[in-house]
1. Which numbered condition trips up residue 123, out of (1) in a helix (DSSP H, G or I); (2) out of contact with any strand residue (DSSP E or B) (no Cβ under 9 Å at 6 or more places or on another chain); (3) of a type in the set (A, V, I, L, M)?
2. How about region 221-241: which of its residues are among the charged types (D, E, K, R) and farther than 18 Å from residue 283 by Cβ?
3. Mind telling me which of the residues 194, 165 ends up being over 21 Å from residue 280 (Cα atoms) and aromatic (Phe, Trp, Tyr)?
4. Scan the strands (runs of 3 or more DSSP E) fully inside region 320-426 and keep the ones with 2 or more residues being in contact with a helix residue (DSSP H, G or I) (Cβ under 6 Å, 6 or more places away or on another chain).
5. Looking only at region 86-116, filter to residues that are in a loop (DSSP other than H, G, I, E, B) and surrounded by 23 or more Cβ atoms within 10 Å (Cβ to Cβ); which one of those is nearest to the chain's Cα centre (by Cα)?
6. Looking only at residues in region 152-199 that are touching a strand residue (DSSP E or B) at 6+ places or on another chain (Cβ under 6 Å) and part of a helix (DSSP H, G or I), which one is farthest from residue 367 (Cα to Cα)?
7. Among the residues of region 118-145 satisfying the criterion of being among the acidic types (Asp, Glu) and at pLDDT 95 or above, which is nearest to residue 306 (Cα to Cα)?
8. Among the residues of region 166-193, count how many are of a type in the set (Val, Ile, Thr) and more than 21 Å from residue 21 (Cα to Cα).
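The values are calculated or read from the model by the stated rules, or taken from the named source; none is laboratory data. Nothing here was measured: the structure is a model prediction, and the numbers come from that model. Quick reminder, even Gly has a Cβ in these numbers, built from the backbone with ideal geometry, and neighbours come from all protein chains shown.
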Amino acid sequence: MDSLAVELNSILDGTVAGRMLSNLGRRFFFPKGIISQSAEAKKTARINATIGMAFEKNRPLILSAIAERLPDLKPEESVVYAPTAGVEEFRLIWKKQLVEKNPSLGGRIISVPVVVPGITAGISCIADLFLDEDQVIIASDPRWDNYDLIFKERRGGKVKPAAFFTGGGMDLSALKKAVREEARAGAVRIILNFPNNPSGYTPSRAEAGSIIGVLEDAAKGGADVLVLCDDAYFGLFYEEGTMKESLFGVLSGLHKNILAVKIDGPTKEDYVWGFRTAFLTFGSAGLAEIQYDALVKKLMGAIRSSVSCSSTVSQYLTLKSMSDSKTKKEKQRCFKLLQSRYRAVKRFITDNHSPSGLEVLPFNSGYFMSFRCTGLSAETLRQKLLEKGIGTIALGDSYLRVTFAAVDEEEIADTYGTIYQTAAEM
């Protein structure tokens, strides 16, 4: 094992982060190689002959066809490599906004967010760091299908499904049972996705409190607890009763045996899906600045050894949009547009009895809602809908996901009417 990895491990040993590192995670480090040597030279060198880029008179070369389409960005903000952990100003502003959006964080010490190329890459990096072959991670049922690809196929772990719903809300007993079973073995790994994909559900404040209590009990009982907060659709809460903060806010300071990881970013919050820009932030009552620094360096090793760094132009464009006076008002307009579509779906469901075999799952937020299919195949229903010009997503044979965020409000009734009619015909 590299001496730098050994050094980082020694800093993390004795903490929840150190105990939960995977074998790969223990081997990760950020090398004192090209990237770190180039950063050092950038600060002091008169002639910088380090990084693999081409310059003329100390400015990066750039094609006019590129520059003319990016009039508000300097070459240094568009075509140069970004730092492995992301543009510093972008990271610090995102951290400031995290605290503003999640008052529970207060003055708590958390890591500076690290930029990764999208939510998927962020989850994959965390899996590299904290999940070994045959280790278990708890996830909701239903869940985003990419979790299985990352945790099971890529890392060789086991996804333990916990039934998400009972009646009109969360099946907290199923979650509690899954957590307690893993806690008995000494370690709990769980991913929480709110608003949930595919169901479009966010817990109420009371439900959120119960989830937090279950995880706190596991930690107090001596288990190490890793909680991944997949907050890809954060902020899109359409009902008053929902939990408006990320659970990361409370979990990041709840107990020394809990390591919380927030995975979020502008992808959905700022409507820049193709920018492939997201953040990873660590929080734990058991970690100090020196341990956060070690953990971030391990994460940088995971990034450096896979994607090297995230898109520079995406970071700077998003950074500039965050400081633009028009952005807040435009985001409010986008939110109201999606909320109006959500309400149109709710009205249709209230006014129309769903056909036999098609159960509407609770939803109150995000981009999606889903049906549970019983006695009919979700995949067959999807194919029949496609023949009628309606595109939906089948998750196995049990769930059909509909992205109402992608449907204009005047087309909601036609879309759902066709779904109901087709299901009734089956």
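1. Unmet condition: (2).
2. Answer for region 221-241, where residues must be among the charged types (D, E, K, R) and farther than 18 Å from residue 283 by Cβ: 239, 240.
3. After applying the criteria, what remains is 165.
4. 358-360, 399-403
5. The residue in question is 113.
6. The selected residue is 182.
7. Top of the filtered list is 128.
8. Selection size over region 166-193: 1.
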